[in-house]
Amino acid sequence: MKILHFSAECYPLAKVGGLADVVGALPNYQNKSGVDASVIMPFYQTKVVAKLKTKTVFKHAVKVGINTYDYSVEKIGKRRFGFSIYLLKIKGLTDREQVYGYDDDYLRFLTYQIAALHWIVEEKLKLDLVHIHDHHTGLIPFMMGYCKQFKDLNHIPTVLTIHNAQYQGQFGYDKFNLLPDFDQQHAGLLDWYGCINPLAAAVKCAWRVTTVSPSYMEEMARHANGLEGLLAHEKAKCSGIINGIDWNTWNPETDALLPKDYTHATVQSGKKASKKSLCDEFGLDVSKPLFIFIGRLVWEKGADLLPDIFKQVLMSERNNGNFLVLGSGNTEIEEQFNILAQEFKGIFNNHTGYNEALSHRMYAGGDFLLMPSRVEPCGLNQLYSMRYGTIPVVNNIGGLKDTIIDIEETNGFGIKHHEVSVVAVGNAIFRAQALFENKEEFKKNRKKIMKIDHSWDHSVKQYIHLYKSLTQSKNGQ
């Protein structure tokens, strides 16, 4: 079975969030399971891409509106990452340093989708199924099904995975002429609330829709940034499949970024070395429990409340913890963290920006991971943290609800709160500090979470089962 994934991100070539980690791991595990899976993504002018050797496998030009764009397809062979990656380089559009954030992002990703389908048609590629990810690739099912230029592809099943329904890629009807020619009777498939909405179009046109956890699929019926009614209408073809993590990349036994490797059997000495190194670097007290936060400083992650949460906890007589933050986003939040780092030297510090190597060391050196998310479709950070023996403190929502059991419940191992507020998160932090003081229970729990298997193996089986159901149905079996 030959599968092609379409995505705007793929680790390690381009990463903004968890989408990159999923697309950088899922095809690899699918190949290990006997599926020929590859990825086509935009070419970005990044340092990582510049260091890689690619082979130009196709060159052509594609018309978008009144403009014609030269493009090439650059291939990275399967040997490098465990699956083939095709980089679609569009002169003047994708060959930029950043993944997102440009005024013409709508044009960049639309042209990428049109050029990718043009390549498939011109090369007569034999595909059994196309798997698209998020709104940046959301017009693929519509164009495969209804655009005259791509009519030869309308028999190929399509699967959409929604990683975050809050972002939908809407653009106005003044850009309608950029789309390839199609029968206008199908124009309604593009529309949602008076805009061309790529994610809504994908929900309507894809053969199947998945999201990255069963609970998030349920939550989208209530909170999907305007898509609630559409998802309810299409619920028969929707399902949730929990994400996995790359068991090799995130492995404290082999992680070269750590000062000392460890397993669940040697977690005490291994985490002790990582915590000491981290506390020395950031001027924190190694004897206190270390709470870490890693992520974007945005409302969805609960980051707007973190300064007040930290201040309340740090000023409390009950507090016995350190706090370390890695992230960027809202500049006001970043500045509040800088102020807290000066005001509470020795027990609070932060690093503004994103640093992959530091994130590994924080997962290894931390005692607890904070995830007070308001929206968390799946969440990968809590899975990474458990792999490294760091106990998650999370809001009971989305994928966090599906992957974490509160320590006071049967077979529990994490700490949950049930709302995102200063009081609720603060109380969860104090519960964690009490667990830290119970040394034997804390050590036992740390070993326990390291043994929980969150690799891609189980999820890959679910995806392959879904693929087979579509391809067999297509073939009348």
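Only the coordinates and a few stated rules stand behind these numbers; no lab work does. All of these numbers come straight from a predicted model, not from anything done at the bench. Every residue, glycine as well, gets a Cβ built from its backbone with ideal geometry; the counts of neighbours run over all protein chains shown.
Of the peptides 405-414, 34-43, 248-257, the ranking by mean beta-carbon count within 10 Å, highest at the top, reads 34-43, 248-257, 405-414. For the stretch 267-450, relative contact order (Cα pairs under 8 Å, six or more residues apart, normalised by length) works out to 23 percent. Scalar couplings 3J(HN,Hα) for the stretch 90-98, obtained by applying the Karplus form with A = 6.51, B = -1.76, C = 1.60 to θ = phi - 60°, are 10, 4, x, 10, 8, 7, 10, 6, 8 Hz; x denotes Gly and Pro. Compared with the alpha-carbon gap, the fully stretched path from A434 to S287 is longer by 51.5 nm at 0.36 nm per residue. Karplus-based coupling profile of the stretch 251-256, in residue order and whole Hz: 9, x, 6, 10, 6, 6, with θ = phi - 60° in 6.51 cos²θ - 1.76 cosθ + 1.60 and x standing for Gly or Pro. For L314 and E234, what is the calculated FRET efficiency with R₀ set at 51 Å and r taken between the beta-carbons, to the nearest 0.05? Calculated value: 0.65.
Here the stretch 403-477 and the stretch 1-79 have alpha carbon centers that stand 30 Å from each other.
As I understand it, the value is the acute angle between the Cα axis of helix 306-315 and the longest principal axis of the Cα atoms of the chain; what does it come to in degrees, rounded to 10? The helix 306-315 is inclined about 0 degrees to the chain. For the stretch 302-327 and the stretch 230-292, what is the separation of their C-alpha centers, rounded to whole Å? What the calculation gives is 20 Å, centre to centre. Relative contact order for the chain: 12 percent, from Cα pairs under 8 Å spaced at least 6 residues apart, divided by residue count. Note on H133, H417: ascending count of other Cβ atoms within 10 Å places them as H417, H133, the fewest first. Across the chain, the volume of the C-alpha convex hull divided among the residues equals 148 Å³ per residue.
Once the Cα atoms are used to define both axes, helix 439-450 deviates from the longest principal axis of the chain by about 20 degrees. For the pair K276 and K51, the difference between a 0.36 nm per residue extended length and the Cα-Cα distance amounts to 77.6 nm. Taking 24 Å as the limit for the C-alpha separation, the pairs K345/K447; K260/K288; K260/K311 exceed it in the case of K345/K447; K260/K311. Applying the Kirkwood pairwise sum to the alpha-carbon positions of the stretch 293-405 produces a hydrodynamic radius of 14.3 angstrom.
Solvent-free Debye calculation, one equal scatterer per alpha-carbon of the stretch 147-249: log10 I(q)/I(0) at 0.11, 0.13, 0.25 Å⁻¹ equals -0.39, -0.54, -1.40.
Note the angle between two axes, namely the Cα long axis of helix 18-32 and the longest principal axis of the Cα atoms of the chain, as a number of degrees from 0 to 90, rounded to the nearest 10. Once rounded, the angle reads 70 degrees.
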